[in-house]
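**Q** Please read through the structure below; I'll follow up with questions.
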Amino acid sequence: ADGARVPALVIGSGYGGSVAALRLAQAGVDVQLVEMGMAWDTPGADGKIFANTTSPDQRSFWLRTRTKQPLSNFLGFPIDKDIPRYTGILDAEEFGGIVVYQGRGVGGGSLVNGGMAVTPKRENFGAILPTVDPGEMYDTYYPRANAGLGVGLVDPAWFDSADCYQYARVGRKQAQRSGFPFVFVPDVYDWAYMQQEQAGTVPRSALAGEILYGNNYGKKSLQKTYLPRIAATGRVTVSPLHRVTTVTPASGGGYTVVVEQLDTSGAVTATKSVTADKVFFAAGSVGTSKLLVKLKATGALPNLGDEVGKGWGDNGNVMCGRANHIWDPTGSLQSSIPCGGIDNWAAGGAFAEVAPLPTGIETWASFYLSITKNPNRAQFSWNPATRSVDLNWQPAWKQPSIDMAKSIFDRINAKEGTIYRTDLFGTYKIWGDHLTYHPLGGAVLGKATDNYGRLAGYQGLYAIDGSLIPGNTSVNPFVTITALAERNIEKIIATDF
Ligand code: FDA
């Protein structure tokens, strides 16, 4: 409520924000959790909470009048369409040189993502978070995150027979024929539920192509894991459709947080002011970076360090498709949840997920999302003319990612006698190199903050989300974001409360 005073305010309800809210509440601290997206707890006119990928509607995109689907074309036809402007679930946020996809709603990115829940190989950890002790992460915090998130693995025997993973078996066969290791990738999907989907005994979610705009049944988003535990504490007030705009020191100590209430058209219906003793920035890599850069530049928090806004990376994301021979069909029924990848990280700097193309028809296509060791890092900065935050990522900075992905797919194409698909990202365009799903950095641990996320320059301000991680995790990031948040909040509760 306007004028309230709270011990702790958390900005954003994704992985970092959910961990912070849960652990603070369990330690007896009352928490205000502020989320700019919707609650996603009420069915729409079709009886479902979330829209399907095959028929995007107003629920699908954050304040756009036209869809901006990651795959913009199919068989030469553009597939985007007009939709009503609405506070939908997936934000395709456009900066000068890159589109950054993010989840919007209570649960953040967990609402829209593929649920691939991957702990990095320990030998790669030193390059991911150089100032963090790997021992405590692999002994305590990765296990805690995996348990809290409900991470599980596909049953390999079922995988071998399920129609919905024919595309992944083709991906495995071709990877192995070219000498690449194929590894199963854990996921937070309820695997027993997926087996029932395949058997036809329950309503379909992954097998109905649900992904990107939410999953109605089997995916264990934060709505099924951390968020019910948060509610059970009775100490956390969640405010959906509330957007934090300013944080500034309060005269009597603590911070004044200005929050705008939104309606579903995105219009501001009220502006409220809350005083918080401590504020946790968990608005995601982009959201936290944008807030901190703005607050430093506009004089609200002038003492934030010069590292704020720096060290941003795209986790080396790049997508591509390959055209298979007619005798290698990938199946008309494809689970939207990937469960395997091709590991060429050590030799070629690429880890490629075998991804679905759930069109409902046979496409003879193999589709991949590669995570690569792209070394380029961008910076957020305040633009006084537009009064907004820019990101200086350049499209050409994706070239290292393409080269690394080619270390896998050029070899597979040569071995199989196949070619790249050129119809998925435009006309005669092979690489989906205009986007990322995995923004990381902008308030890097040990640079913009101390080694536990305490922001330099102010007591009682913390970053606790993907902004802490300097640009790359070598695999999909949310398990690492969750584990780091678990580590940091434990220390913060022990020493700062
Ligand atoms: P996250 O982005 O989850 O949460 C931030 C929250 O803050 C959002 O809900 C946002 O609305 C809110 N917010 C922002 N600004 C605010 C403000 N000013 N006021 C109030 N609220 C504000 N990762 C993975 O490991 N495996 C996978 O399979 C995938 N797949 C995938 C697919 C797609 C389509 C996307 C978009 C992303 C993925 N990811 C993924 C990435 C993963 O979802 C992402 O890394 C995490 O959600 C990031 O967690 P954070 O806690 O950092 O922020």
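Values quoted throughout were computed directly from the atomic coordinates according to the rules given, and no laboratory measurement underlies them. Everything numeric in this text was worked out from a predicted model, so none of it was measured. In this analysis, Cβ positions are derived from the backbone assuming ideal geometry, glycine residues included, and neighbour counts consider all displayed protein chains.
**Q** Using the Cα gyration tensor of the stretch 1-141, with a ≥ b ≥ c the square roots of its eigenvalues, what is the shape: rounded (a/c below 1.5), prolate (a/b larger than b/c) or oblate (neither)? Intermediate results must be reported in sequence, preceding the final value.
**A** Details: a/c = 2.32, a/b = 1.33, b/c = 1.75.
Note, shape of the stretch 1-141 comes out oblate.
**Q** Local charge sum around Lys447 (other residues, Cβ-Cβ under 10 Å, Lys/Arg +1, Asp/Glu -1)? Don't jump to the answer; show the numbers that get you there.
**A** Values: positive: Lys310; negative: Asp306, Glu307, Asp450.
Local net charge: -2.
**Q** Let me ask something else about it. Taking neighbour counts of Cβ atoms within 10 Å as a proxy for exposure, in what order, fewest first, do Trp364, Trp431, Trp312 appear?
**A** Numbers: Trp364 17, Trp431 20, Trp312 29.
Going from sparsest to densest Cβ surroundings: Trp364, Trp431, Trp312.
**Q** Order these by the 10 Å Cβ neighbour count, fewest first: Ser161, Ser401.
**A** Details: Ser161 11, Ser401 26.
Ascending number of Cβ neighbours within 10 Å: Ser161, Ser401.
**Q** Using Cα pairs under 8 angstrom and six or more residues apart, how large is the relative contact order of the chain, in percent?
**A** Working: 1246 pairs, mean separation 113.6, N = 497.
That works out to 23 percent.
**Q** Moving on. Are any of the pairs Lys219/Lys491; Lys220/Lys398; Lys294/Lys429; Lys173/Lys406; Lys310/Lys373 more than 25 Å apart by Cα-Cα distance, and if so, which? Walk me through the numbers on the way to the answer.
**A** Working: Lys219/Lys491 31 Å; Lys220/Lys398 32 Å; Lys294/Lys429 36 Å; Lys173/Lys406 18 Å; Lys310/Lys373 18 Å.
Check vs 25 Å cut-off fails for Lys219/Lys491; Lys220/Lys398; Lys294/Lys429.
**Q** From the convex hull of the Cα coordinates of the chain, what is the mean projected area in square nanometres?
**A** On the way: hull surface 87.5 nm².
Average projection, Cα convex hull of the chain: 21.9 nm².
**Q** Report the calculated FRET efficiency for Thr42 and Phe74 (r = Cβ-Cβ distance, R0 = 22 Å), to the nearest 0.05.
**A** Details: r = 32 Å, r/R0 = 1.43.
Working from the Cβ atoms, E equals 0.10.
**Q** What fraction of the DSSP beta bridges in the chain is antiparallel, stated in percent and rounded to the nearest 5?
**A** Numbers: 57 of 77 bridges.
Roughly 75 percent of the beta bridges in the chain run antiparallel, per DSSP.
**Q** How high is the relative contact order of the stretch 429-480, in percent, with contacts defined as C-alpha pairs under 8 Å that are six or more residues apart?
**A** Working: 56 pairs, mean separation 18.8, N = 52.
Relative contact order of the stretch 429-480: 36 percent.
**Q** Where the centroid of each part is defined by its Cα atoms, how far is the stretch 148-176 from the stretch 94-115 in Å?
**A** Centre-to-centre (Cα) distance: 25 Å.
**Q** Could I ask something else about it? How many angstrom lie between the C-alpha centres of the stretch 192-258 and the stretch 398-452?
**A** Cα centroid of the stretch 192-258 versus Cα centroid of the stretch 398-452: 28 Å apart.
**Q** Further question on the same structure: Work out the length of the dipole vector of the chain about its Cα centre, built from +1 on the beta-carbon of each Lys and Arg and -1 on the beta-carbon of each Asp and Glu, and round it to the nearest 20 debye.
**A** Values: 44 positive and 43 negative charges, 85 e Å.
I would put it at about 400 debye.
**Q** Right, next: Can you pull the Kirkwood radius for the stretch 88-189, inverse mean 1/r over Cα pairs, to one decimal in Å? Write down the numbers at each step before the final one.
**A** Details: mean 1/r = 0.0595 Å⁻¹.
After inverting the mean inverse Cα-Cα distance, the result is 16.8 Å.
**Q** Before anything else, pin down the relative contact order of the stretch 94-189: Cα pairs under 8 Å, at least 6 apart, normalised by residue count, whole percent. If you can, show how the numbers build up before the last one.
**A** Details: 57 pairs, mean separation 33.5, N = 96.
After rounding, I find 35 percent.
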